[in-house]
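Everything on this sheet refers to the single structure shown next.
No value in this document is a laboratory result; all are computed from the given coordinates. Note that the coordinates shown come from a computational prediction; the quantities given were computed from them, not determined experimentally. We place every Cβ from the backbone using ideal geometry, glycine too, and count neighbours over all the protein chains shown.
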Amino acid sequence: MTQNGALGGESRIDIVVAGAGYVGLATAVAIAQAQPGLTVRIIDAAPEGAWQKDQRASAIAAAACRMLERLGCWSDIAPHAQAITEMIVTDSKTADPVRPVLLTFSGEVEAGEPFAHMVPNKELNAALRAKAEALGIKLTEGVSVTDFVTEPTFTRLTLSHGETVEASLLIAADGVKSRLREKAGIRTVHWDYGQSGIVCTVAHERPHHGRAVEHFLPAGPFAILPLTGNRSSIVWTEKTTEADRLVGADPLIFESELELRFGLELGEIRAEGKPRAFPLSLTLARDFVRPRFALVGDAAHGIHPIAGQGLNLGFKDAAALAETVVEAARLGQDVGALDILENYQRWRRFDTLRMGATTDVLNRLFSNESTLLRSIRDIGLGLVERMPPLKSYFIDQAASQERNEPRLLQGEAI
């Protein structure tokens, strides 16, 4: 296979991944581990060490945990991961003194296997980077792909520091505002929700025992997600103007508003660090591939966090694209050929559209003050609570367990 060249000149390589977030790293690691003959390089526009400043945490579904274990990363992540042992759902107004539990989920998909873990982003990124380094994957930070031109047998990339790279396949993992997606001429379906997600870590007096809580409030969902120790991660949806006011407010005001929504079940609470707000929108790429070009992760789809599935969708992309590319390489096929990449697109596009539509409907259904809609959705949640087969289906969805999953998500090698 082709080999890396030196910086500043021109090099030829099999696969370039643009973006060193979790999905980009996982894609590169999965390909390099399964097919060592393919040369893989990661180009990341973020400054060196920027990822270490991320104080957030992510919900990793059971299937993605299996993938990370198969990639050899989970042993480094596990000491920092908190299993979600139970999830409860409530639907109320912010000032309601009592929030009746309408739906409960046990936290296991199989005996001893939680349907999800909460993992600090820094630890997840560090484990994937360590694995990439162990596999000999070259990672260049503080450099972006400024342009690319697709030829019949390769794509020529121009990097921001002057290097030119020829690759058989460019994988864009550069986020929801992907510049490479735009350069590839791929259009999107997009709309803003007029909401922002406030994210922060909360310390509390009493242990959470691994319980996750989702309060559906008129402004949007308020999720309490367990972390190691007496701490929880908060994902708090508000109208954007209100979210901006809250994160910019005096800490005493912010914590009083936080306590109103969080409740006193876990005792006294305290926000750790400065909260941040992120605008929420729906962005779905109309196509996932072009000749010698593929989208993964948020570059292909950005969805509302109401179901906590955004990152897990990205890991599905990584597993599916890696399996598609590796199987093609083993058959001696061109890994960047459009007919090969269309297999990946067919595999992933419907699932992505379905999840995007689901989260959109859920957000519109629950983020409002309609008494009628509240009555209807409470009846619906009550029915799910009383129907074990339906509850099992939702647990499987939360765990990202479906038919025709890529092998890595089933814990199998490619």
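Testing the spin-label approximation: label points 7 Å from Cα along Cα→Cβ at Glu141 and Arg156. State their distance in nm.
My value for the distance between the label points is 3.1 nm.
For Arg346 and Val149, compute 0.36 nm times the residue count separating them, minus their Cα-Cα distance, and round to one decimal in nm.
Numbers: separation 197, 0.36 × 197 = 70.92 nm, distance 2.47 nm.
Extra length available between Arg346 and Val149 comes to 68.4 nm.
What per residue convex hull volume, in Å³, comes out for segment 276-327 when only alpha-carbon positions are used? Let's see the in-between values first.
Values: hull volume 4.8 nm³, N = 52.
Considering the Cα atoms of segment 276-327, their hull volume per residue is 92 Å³.
In nm, to one decimal, how far is the Lys183 label point from the Lys53 one, both placed 7 Å along Cα→Cβ?
It is 2.4 nm.
Suppose R0 equals 51 Å. What FRET efficiency, 1/(1 + (r/R0)^6) with r the Cβ-Cβ distance, do Asp334 and His209 give to the nearest 0.05? Mind showing how you got there, number by number?
Values: r = 52 Å, r/R0 = 1.03.
So, using R0 = 51 Å, E works out to roughly 0.45.
Could you tally the net charge around Gln345, taking each other residue with its Cβ under 12 Å from the Cβ of Gln345, Lys/Arg +1 and Asp/Glu -1? Before the final figure, lay out the partial values.
Values: positive: Arg286, Arg290, Arg346, Arg348, Arg349; negative: Asp287, Asp317, Asp339, Glu342, Asp351.
Once positives and negatives cancel, what remains is 0.
Mind scanning Lys131/Lys239; Lys131/Lys177; Lys177/Lys239 and naming the pairs with a C-alpha gap bigger than 31 Å? Display every interim value, and only then the final one.
Details: Lys131/Lys239 40 Å; Lys131/Lys177 27 Å; Lys177/Lys239 21 Å.
With Cα atoms farther than 31 Å apart: Lys131/Lys239.
Could you work out the helix-only [θ] at 222 nm for the chain, with each DSSP H run of four or more residues adding -39,500 (n - 2.57) and the total divided by the number of residues, to the nearest 500 deg cm²/dmol? Each step should come with its number before you reach the end.
Details: 11 runs with 141 residues, N = 414.
It lands at -11000 deg cm²/dmol.
Would you work out which of Thr324, Asn312, His117 lies farthest towards the positive end of the dipole of the chain? Charges go on Cβ: Lys and Arg +1, Asp and Glu -1.
Of the listed residues, the answer is Thr324.
What lysines could a cross-link reach from Lys183, if we take a straight Cα to Cα line under 28 Å and drop same-chain neighbours fewer than 8 places away?
Partners within reach: Lys138, Lys316.
When you take every Cα atom in segment 151-230, what is the radius of gyration, and what is Dmax, the widest Cα pair distance, in Å?
Gyration radius and largest Cα-Cα distance of segment 151-230: 21.6, 62 Å.
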